[in-house]
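The values are calculated or read from the model by the stated rules, or taken from the named source; none is laboratory data. Owing to the predicted nature of the structure, the values given are computational and were not obtained by experimental measurement. Here the Cβ is made from the backbone with ideal geometry for all residues, glycine too, and neighbour counts use every protein chain on show. The area values use the complete protein model at the heavy-atom level, side chains included, leaving out ligands, DNA and RNA. Shrake-Rupley method; radii C 1.70, N 1.55, O 1.52, S 1.80 Å.
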Amino acid sequence: MARYHPGVLLLLPPSEGKATPTDGPPLDLAALSFPTLTRARRSVIRDVADLCRADPDRARRVLKLGPSQDDALAYNRRLRRAATLPAAGLYTGVLYEALGYAKLSAAARRRADGSVLVFSGLWGAVRLTDRLPHYKVPISTSLGVPLVSLWRHLLAEPLAAAAGGGLVVDLRSTPYAAAWRPSGELARRTVRVAVLAERRVDGHVVRQPVSHFNKAAKGRFARALVLDPTDEPADLLARAHDAGLDGELTTRLDRPHLELVEREVTP
């Protein structure tokens, strides 16, 4: 397996939207990145598949599936036999559309392959080149042990090694951010990114979290970093500008934070 030494490591959440592979090879757990996770992945896959086969009603509750999501049960039952796609093609949500992996140059795709990690309730963390089947397993799932706790324990060592001495840019949503929290010196070079919108409320300008724009902004920002990587936090403002975004870099408790701001306030 290739060894990567990126100047920046980009941490992304998965997307709810996924393509359905039709003719790719079946899952090969041994071929996925971070082989120290193989045993846990195998166990989680088995538990999810068994649950979806044996007790669909309980599976809907555990996996937080709605009444129109029975197809997710079918996908989860055949995880080991289903066709696969590289993660770069499997995830199809707003963030990944904005990242635009398929439209990157060959050199930029290689940088993305080496610098992007996608967090997942089923896999822990994977790279964009890892081949995966369609699945539905939220990070909030508990299969006796909460998945977020399982991965937090197992991801610490391999992801610290993946980060090396470079910059880490954390674009994950809150549930997935809980699956790995860099510590010590690594935490001081991990930039947590938030996307906010400026609004005028009762005559005052306030910043509020946003939803759809959040994902699109993070995808555009990740694309800018893939196109022009950096290992310097101060350069992130320029990358935000490249993505058509305003940015503000601050330090809190000796740790860098970047706010990407959608400005809709008139003077």
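The convex hull built on the alpha-carbon positions of the range 183-237 has an orientation-averaged projected area of 5.3 nm². Were the residues from Ser105 through His153 laid out at 0.36 nm apart, the gain over their Cα-Cα distance would be 13.7 nm. Only Lys, Arg, Asp and Glu carry charge here, each on its Cβ (+1 for the first two, -1 for the last two); on that basis the chain has a dipole of about 800 debye about its Cα centre. From the Kirkwood radius over Cα pairs of the chain, Stokes-Einstein at 20 °C and 1.002 mPa s returns a whole-number translational diffusion coefficient of 111 µm²/s.
By definition, a body whose alpha carbon gyration tensor gives a ≥ b ≥ c is oblate when a/c is 1.5 or more and a/b is not larger than b/c, and the range 89-179 fits this oblate description.
Considering only Cα atoms, the convex hull volume of the range 1-103 works out to 138 Å³ per residue. For the range 3-61, the Kirkwood radius over C-alpha pairs fed into Stokes-Einstein at 10 °C and 1.306 mPa s yields D = 107 µm² per second. Only helices enter this figure: runs of n ≥ 4 DSSP H residues, each worth -39500 (n - 2.57), summed and divided by the residues of the chain, yield -10500 deg cm²/dmol at 222 nm to the nearest 500. Using a simple spin-label model with pseudo-atoms 7 Å out from Cα toward Cβ, Ala83 and Arg61 lie 3.6 nm apart.
Each of Ala112, Val191, Val201 was placed along the dipole of the range 111-217 (beta-carbon charges, centred on the mean Cα), and the one lying farthest toward the positive end is Val201. Only the Cβ atoms of Lys and Arg (+1) and of Asp and Glu (-1) were treated as charged; on that basis the dipole of the range 22-72 about its Cα centre amounts to roughly 300 debye. Computed over the range 164-267, the convex hull of the alpha-carbon atoms projects to a mean area of 7.5 nm².
Ligands, DNA and RNA are left out, and with a 1.4 angstrom probe the accessible area of the chain is 47 Å² per residue. Entry note, the chain: relative contact order of 23 percent, from Cα contacts under 8 Å with a spacing of 6+ residues. Overall size of the range 103-253 from C-alpha positions, given as principal axis extents largest first: 49, 41, 34 Å.
A Förster radius of 25 Å combined with the Cβ-Cβ distance from Asp235 to Arg181 puts the calculated FRET efficiency at roughly 0.55.
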